[in-house]
Each structure stands twice: as structure tokens, then as C-alpha cells.
Amino acid sequence: MKSTQTDLNNSILHQLPFATALVDSSFNLIDVSHTWYQLFQATPDVNNPKQVFKFFEGHEGCTPELLEQYLIGNDIRTIRHKVSSKEGISWLESTFAPWFDDDKNIQGTIIQTIDIGRQTQKDIELEQTKELFQATTEINNIGSWEYNIETEKLSWCKMTKQIHEVPEDYEPNVSEAIEFYKQGYSRNKISMLFHKILQEGASFNERLQIVTQKGEEKWVAAGGKAIKKEGKTLKIFGTFQDINQQVIAEKRTKESERLLTTLIDNLPINVFIKDKDSRKILVNKAECNYLDTSPNELIGKTDFDLYDNDIAKTSRDEDLEVMRSLTPMLGEETINARKDGSITHFLTSKIPLLDLDGKAYGLIGMSMDITNLKQKEEQLRNLINVTAIQNKKLINFAHIVSHNLRSHSANFSMLLDFLIKEKEPEEKERILGMLSSASDNLLDTLENLNEVVDISTNVNLDKKSVNLNKSIERVQQNLSAFLEKNKVQITNTIDDSLQVKSVPAYLESIILNLMTNAVKYRHPMRVPEITLEASKEPKGIAFSITDNGLGIDLDRYGDKIFGMYKTFHNNKDARGLGLYIIKNQIEAMDGYITVDSSINKGSVFKVFFYEENE
Amino acid sequence: MKKMNSIFIVDDDPITVFGIQKMLKASVACENILAFHNGKLAIDQLRQDIENSIPLPEVIFLDINMPIMDGWEFLEEFLKLPIEDKIIINVITSSIDPSDYHKWNEFRLKCFHYLNFKNKPIFKIETTDLSRINLAS
């Protein structure tokens, strides 16, 4: 029966203008129109019935499972499927309808397929665009508006109304719409732009402020574009976006940026940011001022471009260490020398800059100029040194005084005690003689001490430029009898024009003492020879006096030679005061004295006169 | 009166020497009271006496501040001398510097001899300045 029906329908089906296929309940093709074969790019083979699935093989959007569902369904269903072949891509739309017999029993399925070709792709694209547009609109708060020139009708979309905070049934007109803009710049601007787009069709997109229905000020981005047909503007389509938060955030960022820049720029500290290769990527005003240049000159430079190699290397090593260890270097004292040689002391901190992975990509540096502080510290240290020396001298002097005065007073006490107990007149006389000499000794001591005190207290010394040879001549004249008696031979190689900065009286005292010492402690077997020399040193004049006398055992007496009441030879005239006094005089003039000596050969005393006058 | 063979006074101040001599005369019978102006002269004398087997002084009065060789330097040298008998050394000074006292104490502790410390002025020679035998035994 089935075959009879098939034969009967054959001719009709073949000739159908729409591609149609008849499928039985076992999914075998019963009959197919020629057009169907064409669409599915197959050839008819009636004697070899095929499963319908075979034809849909490789079609996108249509799996065998889906197909089976459609084939056994009780209702009409449509499916779109894509066929890729050598000729290209084509889209088909197949409709599946159940095939009933007279008794309403399902016999199979009728499939009708049409070629929907490229249209579908466009439809899909449009749909996608619509979806995208809607999504974007929702996400970005973008609304739209449209103005029909002919009808002068302005319409707002839902979003635009929301932005204006007007009810959904609100119907705007142009002048009302413009009224929403904030008075002043925004309203003027939009009026002008709207006028321009009407007249010239000029598109716009502007950030402006509106005041909403509820009185709230908002930043919006309003855009407009003329829709033309044959050169004539028909409509204006526009966008309307709420950008209030964005603008406020931007403003805030700008404000905090400005705050930061102002802060960094005006800090009285050199601030710089370096990248991984120690190139400067940010510098503040103080840093520019320090290097006497502009930020543009400094950006991209390393310390090697700005400083000497040694200094740059030290700095680079610090940078590397900070970036390697990720430990900030805080408050380190550093010394920097500019190319012109001027030295600056800094208190420097370097803090590593970390990226999101915790790796250092540079560092922030801060340097505070502490040169003044350093100088003050140095001055203070010098002052402390001077004070310490003075203090030591004072203690020393106090001991000398106490010892010397005590020894005399002890003698007085002892002698007076004797005198009281003594009965013999002769012995009494002797003790009185002793007392008188003790009294003389005390006076001598007091005089000596006075001389020393004079030097030490004479702080406002009047140093003058004194001709050294003239001073020597004067001393020689005063000593002429003494020198002649001892047959002293003097060699003087000092230039007649040489001047030294000295207190004139001290200079003569120094020459006198050294010269008399040279003779006093002469070698008994030799004629005394004295050589006077002077040389210019970087900071002053070194004057030396060399003798061929007894010499002094410096290993034994070195530390005592300039001490008070220290004598080292069996000499009746030795008071142990001369060298002590001249040492004080020399030091009072900021100079110093040294001695070099060897026993039985002679001694060299060298006096240094400081050149600079304060 | 106590009898003694020899006493040294080492001091560069003639008045102190005079005073000590005078006080000694009152308390001891001694023929050889010798005075030296500095430590060097005294140490030279001691070396000579040892060489010539002359009996050494039983007591030495020693000043600290002296030229050429001071009291401390004398003590350093003195301790090196080969002396078997204990000698009483009276260190005499007008100094009230505590460091002098400490130095004396250091010497006293390392010294085989008897060391006394006397501050000037001296009005009297104490028995301990001349004899320590009774106390030692």
C-alpha cells in the first residue's frame, strides 16, 4: 500500500516549486522534490532510499539528536542550519511538519526547506548589534534622543529621561530640553551646538552640566549627529550619557595629583624617582635647583651623567642594594660632589618601588641637605677639642701651681717650726737666712706663673707680619756678649724678605729661648754651631734652629721636654721654664713646635707659624 | 739615741734637705747623711757602693719632682739593683695630686723594700721612717 501511495505522489512532489521532502516514520526518505536535492546538493537515487540524517550531515545548527526530535514531533517546527561547501556558505531554513493519514495517524514528516542565504547573517548581525547597543547603553548610562526636523518633535529614550529625572511619560520639546542645561556656559554651548547642527549639520559631542528635574547638578556627555537624505537633514539623532561620577572622579584625581605635585615640588628636600636602571623618571624643584637645571634635562639621566664616577658608583650600589633587598635605606649620611667640585652632605633615604608582583621596578629617593648642620657640627667638634685641650692645660696648670706653691709654703711651715723651737742664736740666724731665700723662691715662682698666665689669658692676640731676620738680628744684638763669650758660630740661610705672622714680642722670646738653649746645652768638646733656616709650607712658615749640642734623650724625655719645671741636664741655669713658655706662646698664635734630637749630636727645633690671619 | 750607718736624702730643694738633716740630728746618731740633687746622682752612688761592697744606706728620703731623674724613675732603677737587705724609702712630696699617691701605692705593693709616703711639710721624723724591724717581727 505504501508503494502505491508513493507512486501516486511521486510526480506531484517532484514538481513542487518549494524544496520538499517526505520522510517515513523510520526516517527514510520516501520522496523528494528536485529542488530539495538542489538545496542539499545531492543527486536523486530513488532505488536506494536513504536515511534523512545523511542529508543533514555536516550542517551547523542541526545535530542528529535535534533532527530526530523534530522528525517525531507532533507540531510544526523550524530550524536554521548552515551548509559549508566549495561554493561558499549558505543558510537554509527547514520546516518540519507531521504527515498524517486519513485516520490522523502519523505516517512520517514533511520537510520543506528554503534558502535564506545571506539575509540571515545580516539579521543576526543586526540582532547582535542591537543587543550590544542595549548592553552598552545600560552599562554606560547612555541614553538617546531624536529630533524630527519636519515635525519639530523631540523624543527621548527611557535612559535619557532617567538621566533628566523626569517621569517616563514626559514629552520634551527643544526649548525645555535646553533649559535643563545649567545656566551659563553649558546652556550657551548647547544652544550654539544645536543651532549649528540644524544649520550646517555639524556633529557634536560635548561634556556639559545639566540641572535635573529634581534640582541635582550632573555632568553629561551630549552628542548629536545629523541624519541626511540627499543632502537634506531629516533627523538629528543624539546620545546622552550620565558621566557625573566619572567627571567627579577625574576632578578628584586631578586635584589630588595637583596636591601631590605641589607637595613634592615644594618640599625643601630633594625628591627623585628612579627606574630599575637608576634613570631619573621624576624630580622635584629642589632637586632641579640643586643641579641648577630643568626637569626635562634630568629625566632619563643617571647619576653617571651628573656626577663623578666614584660618587655615581656609590649611589648606584645603594640603588641596587635597595632594589635587591627590598629594604629601604633610611636616613643615611651621604656626601655628594657636583661637577664644579662643591661638596654637599645629605641625609638620604631610598625606598624601593614595588609592582603588583612585589618586584622592585625602581625607587623613591629623598635627600635632605645637611651641609650647614654638618659645618655646625664640625665647628662644635672643634670647639669641644679646643675646650678639651684648654681644660687639660688648666688642670695641668692647676697641678703645677698647687705643687709649686705648696712646696714653698711647706718650706715656710717647716722653717718657722724650727725657728720657734730653736734656742741657739746662730742657728736661728741660719734659719732666718733660709726663710729669706724661701721667700725669694716663692716670688720667682709667682713671677714665672704670672708669665704663663699672661700668655694663656691673652686671647686677643695682635698678630702682625714681622720680618723674621730683623727679629733674629735684634735677639743676636741682645745676646751679643753671651754669644761672643761662647764663640758661637751662626749660619743664617733665611731670606731677608721673609715675613711671618706673629706677635712681635713672642717671636723674639721664641728666638731668644731657642738660641740660648742651643748655647747653654752645647757639647763641651765642640764649638757651638747654630743654623737658622726657614721654608714656606702650604699653610705658613716653618722656622727651624739646629744646634750641634748635647742633644736630648727623646725616648726618655720626649713627652716632658716642653713641660714646666722639667730640666734634663746638669745645668745650674736650667729653670725648666723656657720651652714651656715658648710652647704656650706658639700655641697661642695657632702654631706648633716640634723637636728632633739625638744624644751627643744635637737638636733641631722647628716652629710653625700659621699664615692666615683671622 | 738610735744609731745608723748611712742615710740618703735625694731632693733638689736645699731647704728641704736642710730640714731633714736638722730633724735627723735630733732623732738618730748617723755619721753619713748624704744629700743628692737628683735621682741620677743617688743611683750612681748606690751602684758604686754595691760594686765596692760599701754598706748601703738603711734609709732613703726621696723627693718626686727633680730634674734629670725624678723620684719615680729612681725607684724603677733602684728596684733593679741587687740589694738583699730591706731598705726604708720615705717618698716625700709637696704634691697633693692623687695620682702620685696611687703611683706610690703601686710601687709599695710590688716592692721588696719598705715604702712610706710623706706629704710636705714635715715637722718630725717618725720612728717608722727609720725602722720597721720591730713592726715586721
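The values are calculated or read from the model by the stated rules, or taken from the named source; none is laboratory data. All of these numbers come straight from a predicted model, not from anything done at the bench. A quick note on method: Cβ atoms are made from the backbone with ideal geometry, for glycine too, and the neighbour counts reach across all protein chains shown.
Observations, loosely collected:
- Selected residue (only one of A:ALA221, A:ALA226, A:ALA202, A:ALA177 is of a type in the set (A, V, I, L, M), closer than 23 Å to A:LYS251 by Cα and without any contact (Cβ under 8 Å) to a residue 40 or more places away in the chain): A:ALA221
- A:ARG338 modelled with pLDDT under 90, in the same structural domain as A:THR293 (by TED's automatic domain parsing) and within 19 Å of A:LYS280 (Cα to Cα): yes
- Yes/no for A:LEU405 being modelled with pLDDT under 90, within 14 Å of chain B (Cβ to nearest Cβ), part of a helix (DSSP H, G or I) and surrounded by 14 or more Cβ atoms within 10 Å (Cβ to Cβ): yes
- Single unsatisfied condition, A:LYS463 versus (1) in contact (Cβ under 8 Å) with a residue 60 or more places away in the chain; (2) within 14 Å of chain B (Cβ to nearest Cβ); (3) charged (D, E, K, R): (2)
- No other residue among A:LEU208, A:LEU132 is under 50 Å from the mean Cα position of the chain (by Cα) and free of Cβ contacts under 8 Å to residues at least 24 places away in the same chain apart from A:LEU132.
- Qualifying residue in the range B:94-108 (condition: surrounded by 19 or more Cβ atoms within 10 Å (Cβ to Cβ), under 13 Å from the mean Cα position of the chain (by Cα) and not aromatic (Phe, Trp, Tyr)): no
- Of all residues in the range A:491-533 being within 60 Å of the chain's Cα centre (by Cα) and of a type in the set (A, V, I, L, M, F, W, C), the one that is farthest from A:GLU473 (Cα to Cα): A:VAL503
- Some residue of the range A:244-257 being in contact (Cβ under 8 Å) with a residue 40 or more places away in the chain and surrounded by fewer than 17 Cβ atoms within 10 Å (Cβ to Cβ): yes
- Filter pass, A:TYR181 being of a type in the set (Phe, Trp, Tyr) and surrounded by fewer than 17 Cβ atoms within 10 Å (Cβ to Cβ): no
- Boolean, A:ILE264 is closer than 29 Å to A:LEU330 by Cβ, part of a helix (DSSP H, G or I), touching a residue at least 12 places away in the same chain (Cβ under 8 Å) and under 13 Å from the mean Cα position of the chain (by Cα): yes
- Subset of the range A:273-332 [closer than 20 Å to A:GLY358 by Cα and among the acidic types (Asp, Glu)]: A:ASP275, A:ASP277, A:GLU318, A:ASP319, A:GLU321
- The range B:113-137, residues that are modelled with pLDDT of 85 or more and away from chain A (no Cβ under 14 Å): B:HIS113, B:TYR114, B:LEU115, B:ASN116, B:PHE117
- Any hit, the range A:35-42, residues being of a type in the set (Val, Ile, Thr), touching a Leu at 6+ places or on another chain (Cβ under 9 Å) and either modelled with pLDDT of 75 or more or not in a helix (DSSP H, G or I) (or both): yes
- Subset of the range A:268-278 [surrounded by 15 or more Cβ atoms within 10 Å (Cβ to Cβ), at negative phi and not in a strand (DSSP E or B)]: A:ILE269
- Set A:LEU380, A:LEU435, A:LEU415, A:LEU354: member being exposed (fewer than 15 other Cβ atoms within 10 Å of the Cβ) and not assigned by TED's automatic domain parsing to the domain that holds A:LYS301: A:LEU380
- Taken as a whole, the structure leaves A:GLY108 outside the set of residues that are surrounded by fewer than 15 Cβ atoms within 10 Å (Cβ to Cβ), more than 30 Å from A:ILE236 (Cβ to Cβ) and not β-branched (Val, Ile, Thr).
- Failed item in (1) in contact with an Asp or Glu (Cβ under 8 Å, 6 or more places away or on another chain); (2) within 26 Å of A:GLY551 (Cα to Cα); (3) not hydrophobic (A, V, I, L, M, F, W, C), with A:GLU508 passing the rest: (1)
- Among (1) touching a helix residue (DSSP H, G or I) at 6+ places or on another chain (Cβ under 9 Å); (2) surrounded by 14 or more Cβ atoms within 10 Å (Cβ to Cβ); (3) within 30 Å of A:TYR147 (Cβ to Cβ) - the single one A:GLN213 does not satisfy: (2)
- A:SER456 vs. criteria in contact with a helix residue (DSSP H, G or I) (Cβ under 7 Å, 6 or more places away or on another chain), over 25 Å from A:VAL519 (Cα atoms) and either more than 14 Å from chain B (Cβ to nearest Cβ) or crowded, with 17+ Cβ neighbours inside 10 Å (or both): yes
- Subset of the range B:76-101 (residues that are away from chain A (no Cβ under 14 Å) and over 16 Å from B:ASP12 (Cα atoms)): B:PHE78, B:LEU79, B:LYS80, B:LEU81, B:PRO82, B:ILE83, B:GLU84, B:ASP85, B:LYS86, B:ILE87, B:ILE88, B:ILE89
- Filter result (part of a helix (DSSP H, G or I) and touching a residue at least 12 places away in the same chain (Cβ under 8 Å)) within the range A:466-493: A:LEU468, A:ASN469, A:SER471, A:ILE472, A:ARG474, A:VAL475, A:GLN476, A:ASN478, A:PHE482, A:LEU483
- Residue within the range A:416-439 that is closer than 26 Å to A:ILE581 by Cα and either more than 9 Å from chain B (Cβ to nearest Cβ) or in contact (Cβ under 8 Å) with a residue 60 or more places away in the chain (or both) present: yes
- Of all residues in the range A:135-167, those being at pLDDT below 90, in a loop (DSSP other than H, G, I, E, B) and not aliphatic (A, V, I, L, M) number 5.
- Within the range A:536-555, the only residue that satisfies the criterion of being touching a residue at least 24 places away in the same chain (Cβ under 8 Å), surrounded by fewer than 15 Cβ atoms within 10 Å (Cβ to Cβ) and under 22 Å from A:LYS601 (Cα atoms) is A:ASP553.
- Flag if A:GLU146 is surrounded by 13 or more Cβ atoms within 10 Å (Cβ to Cβ) and assigned by TED's automatic domain parsing to the domain that holds A:ALA226: yes
- A:ARG474 vs. criteria more than 18 Å from A:THR516 (Cα to Cα), of a type in the set (Lys, Arg) and more than 60 Å from the chain's Cα centre (by Cα): no
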